[in-house]
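Data block below; observations after.
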C-alpha cells in the first residue's frame, strides 16, 4: 500500500491550489461584504471591484469582454441557463440539437425541454466520438433555436471541431452553446475566432474551488432569466455573488500555464502508450491525438471496471470507470455506448485524468499496478481465454 | 481508507475461493452475458451415490460483489447435497459476506442463480428431473428471461423482444423481434439455444428473426 493516495480522477474534482486559497482568503475574513450596489459602503464597493476584476480576467481568457461573462454555481447551472434561458427567450423556434455524448447538464436540459414541447435532435458520433458535420448541416434548419455541442468530452476526451460547428450555426441563425468544462484553460478557445454564443466553464477542473462556474454570453444573444430574485449578474442570474469563489476562479485560470498542459499531455501519452503496448486486449476510447491533454480512457477487455477501480483503490489509486456497476444509475456510460461500443466496452473502461499534482512516477506506478491487477482479474474471468490474454 | 464493502467481501474479492473451470463438469451454467454486464459461470462435479457436490468452481466477469458472491456461494455449496445446495439463497450468501449493498443485488444474485442452474443442468443431463413436466410456452418464456438484450442490458422478455414462442412435439420455435442483420442477433440466438436445448423433452430449437 502506498502512503499517499494518488488521485487520477481530476475530471471529477481537483485539489485546490494553495495560491488560489490565498487569493480567496481576504474575501472570507477581511472583506466579506456583498457587491450589491456601487453606492453602498466602501467594503461593498471594494468587494464589487474584486468581483469585476475576476470577471474581466475570466472573460479575457475567452477573448471576451466582462459584460459577456456571468458567474454561476458551476457547469450544471451554466448549461441549464444556456439551454433553458435561450428556450425561454424565444417563442418562435422550437428545435434544439445536441450530441448524444453531451454531459448530463446539457443532455438532461434538452430532455426536459423536449417534454415542454421542443423538438430535439440527438446527433450520433463516430467511433472516435466526433459528430458528423454534414449531418449537423442537414439537421440545422430555420426552426433551429440552439445547438449545443461540447468542446471536449468528459469521459473519452475527444475534442470537437467547434469552429466548424459555429460556422454552420451562424449561417442558419442558430445559437451555439458549447460545454467547455474540461477544456477551459487547457485547450484554446477564443470567442473572437470561433462563432460560439454561449460557453459553460467551471473552476473545479483547474484546481479552483468547487461551486463556482461561469457562462459566457455573446453580446446580443437572446437569453432570459429563469431563476428569479435580485438583479445580480446583469440581471441574468439572481443570488448572492460568491466573491471569494469568483476571485479563486480567476486566480485558478491565471495559474494554468502552457507548460503545465504540455506536462499533462506527456502523462496522457505515456499512460496510453504503456498500457496499449504492455497489456493485451486493451482499446483506447476517444481519438488518439484530438483529445484533452489531461485525459486517457482505456477499455480492458474481459474484466469489469468496478473490480479494476476497487483493486486500484486498494493500491492507493483513484480512477473512474464507465461500467454500469460503478454508477449511481447502474447504467453503462452513454458516451462509450455512443461511440458504437457495447456494454462490454463500457464494462471494462477506465478513465484516467491528470492534474497539477500528478507526476510521471505516479503514471508509471499505476501502469505497474495494472499489469498485475488486470491479469489477476482475467484469470478468474470466463472470457477471453482463447484470445491469448495476459 | 474507506471501501464500499465489508471486510469479508473485500477478502473474497481479493482472494476468491474455488476459481476456475472444471473440464467435462457434471453440471455447468452461465448466467448473465458479456454483452450486457456481469456474467458468471458455475461448474459442479457430483458424487453420484451421495448426490452431493464433490467439487465446484466458478468464473466471474463482474464487479466486486459478483466475484465475492461467486466465491462464497461455492464455499457454501461444497459438500452439500443437491437439494440443500438448491435452497441456498441470496440472503444467505449476503449474510455470509457480512452484507452486500442492496443496489448490488442484481450483480450478486447471478452467482446464486448460476449455482441453481448448474444443479438443474446436472439433473437434466442425468435424467434426475423428478417431475418430468412437459415443456410449455411458459417454461420457455421463463428461461428466456435469463437471456439478456444487449441493447438495453435487460432480459429479452422484459424488453419485448420475444415476439412468438411455439412448442410442438419437442420442437421449440422462438421468434425474436430484431432484424437478423442486427449485430447482436448471433449472440442472442446462441444464448437462446443454450438455455432451451437442455430441457428434457426438447429435440429441436429454432430461432428466427423478424427481418
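Does at least one position in region B:38-57 carry a residue that is within 11 Å of chain A (Cβ to nearest Cβ) and either assigned to a loop (DSSP other than H, G, I, E, B) or under 19 Å from residue B:98 (Cβ atoms) (or both)?
Looking through region B:38-57, at least one residue is within 11 Å of chain A (Cβ to nearest Cβ) and either assigned to a loop (DSSP other than H, G, I, E, B) or under 19 Å from residue B:98 (Cβ atoms) (or both).
Within region B:47-68, can you find the residues that are surrounded by 24 or more Cβ atoms within 10 Å (Cβ to Cβ) and either free of Cβ contacts under 8 Å to residues at least 24 places away in the same chain or in contact with a helix residue (DSSP H, G or I) (Cβ under 7 Å, 6 or more places away or on another chain) (or both)?
B:53, B:56, B:58, B:60, B:62, B:63, B:64, B:65, B:66, B:67, B:68
Each row is one residue, and each column tells you yes or no for (1) at positive phi; (2) assigned to a helix (DSSP H, G or I); (3) within 13 Å of another protein chain (Cβ to nearest Cβ); (4) surrounded by 21 or more Cβ atoms within 10 Å (Cβ to Cβ).
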{"site": "A:289", "(1), (2), (3), (4)": "no, no, no, no"}
{"site": "A:352", "(1), (2), (3), (4)": "no, no, no, yes"}
{"site": "A:361", "(1), (2), (3), (4)": "no, yes, no, no"}
{"site": "A:369", "(1), (2), (3), (4)": "no, yes, no, no"}
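Select from region A:291-321 the residues that are touching a strand residue (DSSP E or B) at 6+ places or on another chain (Cβ under 8 Å), within 10 Å of chain B (Cβ to nearest Cβ) and either in contact (Cβ under 8 Å) with a residue 24 or more places away in the chain or under 26 Å from residue A:159 (Cβ atoms) (or both) and list them in ascending order.
Listed by number, the residues that qualify are A:301, A:302, A:303, A:304, A:305, A:308, A:309, A:316, A:321.
Anything in region A:40-64 that is touching a helix residue (DSSP H, G or I) at 6+ places or on another chain (Cβ under 6 Å) and crowded, with 17+ Cβ neighbours inside 10 Å? List them, or say none.
Hits for region A:40-64 are A:47, A:50, A:51, A:54, A:55, A:57, A:58, A:59, A:61.
Give me the pairs: first residue in region A:159-176 and touching a residue at least 60 places away in the same chain (Cβ under 8 Å), second residue crowded, with 20+ Cβ neighbours inside 10 Å and assigned to a helix (DSSP H, G or I), beta-carbon distance under 6 Å, and six or more apart or on different chains, which are they?
Pairs that qualify, where the first residue is touching a residue at least 60 places away in the same chain (Cβ under 8 Å) and the partner is crowded, with 20+ Cβ neighbours inside 10 Å and assigned to a helix (DSSP H, G or I), are A:175/A:86.
Having 1 or more residues that are outside the structural domain of residue A:338 (by TED's automatic domain parsing) and within 17 Å of the chain's Cα centre (by Cα) is the bar; report the helices (runs of 4 or more DSSP H) wholly within region A:140-258 that clear it.
A:162-172, A:243-255
Which of the residues spanning region A:371-390 are part of a helix (DSSP H, G or I), surrounded by fewer than 17 Cβ atoms within 10 Å (Cβ to Cβ) and within 14 Å of another protein chain (Cβ to nearest Cβ)?
A:372, A:375, A:376, A:379
Filtering region B:177-197 down to residues that are crowded, with 19+ Cβ neighbours inside 10 Å and closer than 18 Å to residue B:123 by Cα, which residue is farthest from the other protein chains (Cβ to nearest Cβ)?
B:196
Within region A:205-217, identify whether any single residue is under 23 Å from residue A:261 (Cα atoms), out of contact with any helix residue (DSSP H, G or I) (no Cβ under 7 Å at 6 or more places or on another chain) and at pLDDT 95 or above, and answer yes or no.
Scanning region A:205-217 turns up at least one residue that is under 23 Å from residue A:261 (Cα atoms), out of contact with any helix residue (DSSP H, G or I) (no Cβ under 7 Å at 6 or more places or on another chain) and at pLDDT 95 or above.
Can you find even one residue in region B:134-144 that is within 30 Å of residue A:338 (Cβ to Cβ) and either more than 14 Å from chain A (Cβ to nearest Cβ) or crowded, with 19+ Cβ neighbours inside 10 Å (or both)?
Looking for residues that are within 30 Å of residue A:338 (Cβ to Cβ) and either more than 14 Å from chain A (Cβ to nearest Cβ) or crowded, with 19+ Cβ neighbours inside 10 Å (or both), one finds at least one in region B:134-144, hence yes.
Suppose we keep only residues that are closer than 16 Å to residue B:71 by Cβ and part of a strand (DSSP E or B) within region B:1-31. Which one would you say is nearest to the other protein chains (Cβ to nearest Cβ)?
Result: B:19.
Looking at A:111, A:55, A:93, which one is in the same structural domain as residue A:228 (by TED's automatic domain parsing) and part of a loop (DSSP other than H, G, I, E, B)?
Going through A:111, A:55, A:93 in turn, the sole match is A:93.
So residue A:94 fits all but one of (1) more than 21 Å from residue A:228 (Cα to Cα); (2) crowded, with 21+ Cβ neighbours inside 10 Å; what number is the exception?
(2)
The values are calculated or read from the model by the stated rules, or taken from the named source; none is laboratory data. Note that the structure is a prediction, hence the values are computed from the model and not measured. Positions of Cβ are generated from backbone atoms using ideal geometry, with glycine treated the same way; all protein chains shown enter the neighbour counts.
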